[in-house]
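Accompanying notes for the structure given below.
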Amino acid sequence: MNEELRAGYKRTEVGVIPEDWDAVPLSAIGQFKNGINKGAEAFGHGSPFVNLMDVFGVSSIKSGDGFGLVKTTEPEQKTYDLKRGDVIFIRSSVKPSGVGLTAVLEADLPKTVYSGFLIRFRDSDALDIGFKRHCFYAEKFRSKLIGASSVSANTNINQDNLKKLLLALPPTTTEQRAIAAALGDVDALLGGLDSLIAKKRDLKQAAMQQLLTGQTRLPGFSGEWEVKQLGDVAEIVMGQSPSSTNYNSKGDGLPLIQGNADITNRETIKRVFTTQITKRGMAGDILMSVRAPVGEVSRTAFDVCLGRGVCAIRFPNEFLYHYLIFIEPNWAKHSKGSTFDSVNSADVNAVEIRLPVDAAEQTAIAAVLSDMDAELAALEARRDKTRNLKQAMMQELLTGRTRLVEPASNVIPVDFSAKPAPPVTDQPPAAKAHNWAIHEAVVVAVLVKQFGSEQRPLGRKRYTKLAYLMHRHVERVALGYLKKAAGPYNPAVKYRGPEGIAQKNGYIRTLANGKFSGFVAAEKVAQAEGYFEKWYGPNVRAWLEQFHYKSTDELELLATVDMAAEDLRRAGRPVDVNAVKSVIHDNPEWEAKLEREIFSDANIARAIAQTGELFQ
């Protein structure tokens, strides 16, 4: 089915794009060069050498550190040179998804050459360097590239096919930079989450080392620990595979757990079912692999049939689950067999376990480690949602479905500085083809309609906090907000057009009634409400209603504490009252807040809990 064509858009070979965008072949904007090929004797000395694995899985290369070496001549160094802005394509990959992956050179790399498994693309200044990090990963571009590849032992792409590939190209580098900045913000968030997850994993590993060996004791416990064999403290059920004639995918019988193929993130999955139940695993059992590789631990949330690749272990609390994970690396010494590493029932029963005599201490240790697991799982879920958000943003931004600047000559860059800017268009948005200023004008109008009245117009200080909270709820990140005396504040809303557009379009008007001054809804506000519901759906306004009777001071508290907490999370620091107060104290614009009653320790603690619930 053809994509619906809307005003201001055209149909091209790369799909529907804005009329002022172009679908250009890569040959029209740059040149390609295959990498250098050398014999084995040339490696290990000479010039730095960019190989396939230096490009695989990275979006940019910032320096020549860590590269291998290859012997080259001066003419070869000039022919296969690498400059800032060059894009390196992977030319050959075992998996189709790997071919054509790119890395952008962020710096000149003197005397550095690149492998014959790679192709260099050097454009004629048509592409912004930040835009390059993302445009070659657009869904339609990647599918075209993989489709143009040839498949033999590996999947390969050559220069001729790369030259023919079409790129959806915005008309100005200003728009390219705006797209790159928006996607770069999400990359930064993802990088912060990855860093935080890595730190939390290290903390969990350290906690296991301390708590599961008795080096650190939890408060209130001082009893003895003892060494027992696993078979003496737990019930162990070794698996036995049923006949394959009883397998099915319809859900008849029980899920069959044979090994790692049936386990994801330490939890069993339902992949294959069997009606012949040889050995039964019960919901809540610890499962451990006894074949290739040995000792990997998981849990099952439902009854299963145990195949011969696993055993079930039953213990009264979660202590043993964490302990078995802790000793996973030790299982290699129990392995036997030439085809598969494996252990038998006697091996499993004989494994030594060191544990507290007091079951209450076992439970307390398990609770600490389980809480850390839950925190890690929440962070990983947040990272996965952010990755999905980025994919959705790429689909919108790299096809021009959502514009961050005005079409053609009336371009507004995404710039949140407080400096005055040229006048922006006051034309209403057409469907989703709207820039930031028009978008925010609609947001302001809807907030004014929902929270303002003739008796009490909505002031800038209050609507700014409401807008911040709304963006945090919908987009998870509130872009452009600065730390100002009144809390998070986006000066661009006042100085870059949204307020003016909302007034000129008849969405809102100013009103001073002698007691209060601010904005009230104007005669065309229903038009803005229609756009808002089309973009956000009907539920966002209902979510906002919870703030209707909160004071402006209370909104300032929530927004300020949330912004401080986000700073702490990005830095990998825990969010607590003292940490939030430290962020507030260290900012000259915010420091005076700590002298106000609304920013008492009790209120900050309450706001941390509330924002955690609001934006979980």
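Using the beta-carbon distance between residue 210 and residue 173 and R0 = 30 Å, what value does 1/(1 + (r/R0)^6) give for FRET efficiency, to the nearest 0.05?
Efficiency computed from Cβ-Cβ geometry: 0.05.
In whole Hz, with x marking every Gly and Pro, tabulate ³J(HN,Hα) for segment 551-567 from phi via Karplus 6.51 cos²θ - 1.76 cosθ + 1.60, θ = phi - 60°.
5, 4, 4, 5, 5, 4, 4, 4, 5, 5, 4, 5, 5, 5, 5, 5, 4
Write down Rg/Rh for segment 484-616, rounded to two decimals, with Rg from the C-alpha atoms and Rh from the Kirkwood relation over Cα pairs.
1.02
So, in nm, how far is label residue 125 from label residue 7 when the simple model puts each one 7 Å beyond its Cα toward the Cβ?
3.7 nm
Given R₀ = 51 Å, what would the calculated FRET efficiency be for residue 358 paired with residue 40, taking r from the Cβ atoms and rounding to 0.05?
Efficiency, from the Cβ-Cβ distance: 0.25.
Could you tell me what % of all Cα pairs in the chain have separations over 48 Å?
33 percent
For segment 46-140, what % of the accessible area comes from carbon and sulfur atoms, probe 1.4 Å?
53 percent
Over segment 69-131, what lengths in whole Å, largest first, do the semi-axes of the equivalent ellipsoid take, defined as the square roots of 5 times the eigenvalues of the alpha-carbon gyration tensor?
Equivalent-ellipsoid dimensions as semi-axes: 20, 18, 8 Å.
What distance in nm lies between label points placed 7 Å from Cα along the C-beta direction at residue 261 and residue 278?
The two pseudo-label positions are separated by 1.4 nm.
Spin-label point model (7 Å from Cα, Cβ direction): what's the residue 84 to residue 375 distance in nm?
Label at residue 84, label at residue 375, 4.1 nm between them.
Output the antiparallel fraction of DSSP beta bridges having both residues in the chain, as a percent to the nearest 5.
Roughly 90 percent of the DSSP beta bridges within the chain come out antiparallel.
With every protein chain present, what is the per residue accessible area of segment 60-130 (1.4 Å probe, Å²)?
In whole numbers, segment 60-130 has 44 Å² accessible per residue.
What three numbers, in Å, describe the spread of the alpha carbons of segment 210-266 along their principal axes, ordered from the longest?
54, 25, 17
Given R₀ = 45 Å, FRET efficiency for residue 71-residue 140 by Cβ-Cβ distance, to 0.05?
The calculated FRET efficiency here is 0.60.
Residue-wise, which Karplus ³J(HN,Hα) couplings in Hz belong to segment 436-450, taking 6.51 cos²θ - 1.76 cosθ + 1.60, θ = phi - 60°, and x for glycine or proline?
4, 4, 5, 4, 6, 4, 5, 4, 4, 4, 5, 5, 4, 5, 7
In Å and on Cα atoms, what radius of gyration and Dmax does segment 1-134 show?
Spelled out, the Cα radius of gyration and Dmax of segment 1-134 are 17.7, 61 Å.
Given charges of +1 on the Cβ of Lys and Arg and -1 on the Cβ of Asp and Glu, with all other atoms neutral, how large is the dipole of the chain about its Cα centre, in debye to the nearest 20?
1240 debye
Pairs of Cα atoms under 8 Å, at least six residues apart: use those to get the relative contact order of segment 458-616, whole percent.
24 percent
With every protein chain kept in place and ligands, DNA and RNA left out, what is the accessible area per residue of segment 458-564? Probe 1.4 Å, answer in Å².
41 Å²
State the volume of the convex hull built on the alpha-carbon positions of segment 270-316, expressed per residue in Å³ and rounded to an integer.
Convex hull volume per residue, Cα atoms: 77 Å³.
In a shell of Cβ-Cβ distance under 15 Å around residue 274, excluding residue 274 itself, what net charge do Lys and Arg (+1) and Asp and Glu (-1) give?
Result for the neighbourhood of residue 274: +3.
Considering Cα pairs under 8 angstrom that are at least six residues apart, work out the relative contact order of the chain and quote it in whole percent.
10 percent
Which peptide among 394-405, 437-448 comes first, and what is the full order, when sorted by highest mean count of other Cβ atoms within 10 Å?
437-448, 394-405
Quick one: length gained pulling residue 516 to residue 454 fully straight, 0.36 nm per residue minus the C-alpha distance?
Residue separation times 0.36 nm, minus the Cα-Cα distance, leaves 21.4 nm.
Where in segment 144-166 is the amide nitrogen less than 17 Å from a point lying 7 Å along the Cα-to-Cβ axis of residue 29?
Those under the cut-off are 144-145, 162-166.
To the nearest 20 debye, what is the magnitude of the charge dipole of segment 1-147 about its Cα centre, counting +1 on the Cβ of each Lys and Arg and -1 on the Cβ of each Asp and Glu?
That gives segment 1-147 a dipole magnitude of about 340 debye.
Just order 189-202, 220-233 by mean Cβ neighbour count inside 10 Å, highest at the front, would you?
Descending mean neighbour count gives 189-202, 220-233.
Around residue 255, with a cut-off of 14 angstrom between Cβ atoms, what is the net charge of the other residues, counting Lys and Arg +1 and Asp and Glu -1?
+1
For Cα pairs less than 8 Å apart in space and 6+ apart in sequence, what is the mean separation divided by the residue count of segment 1-140, i.e. the relative contact order in percent?
It rounds to 28 percent for segment 1-140.
Do any of 494/550; 465/534; 95/164; 83/140; 38/111; 483/504 go past 26 Å between their Cα atoms, and which?
Beyond 26 Å: 83/140; 483/504.
The values are calculated or read from the model by the stated rules, or taken from the named source; none is laboratory data. Just so it is clear, the model here is predicted, and its values are computed rather than measured. Reconstructed Cβ throughout: ideal geometry from the backbone, glycine too, with neighbour counts over all protein chains shown. Accessible surface areas use protein heavy atoms only, side chains included; no ligands, DNA or RNA. Shrake-Rupley method; radii C 1.70, N 1.55, O 1.52, S 1.80 Å.
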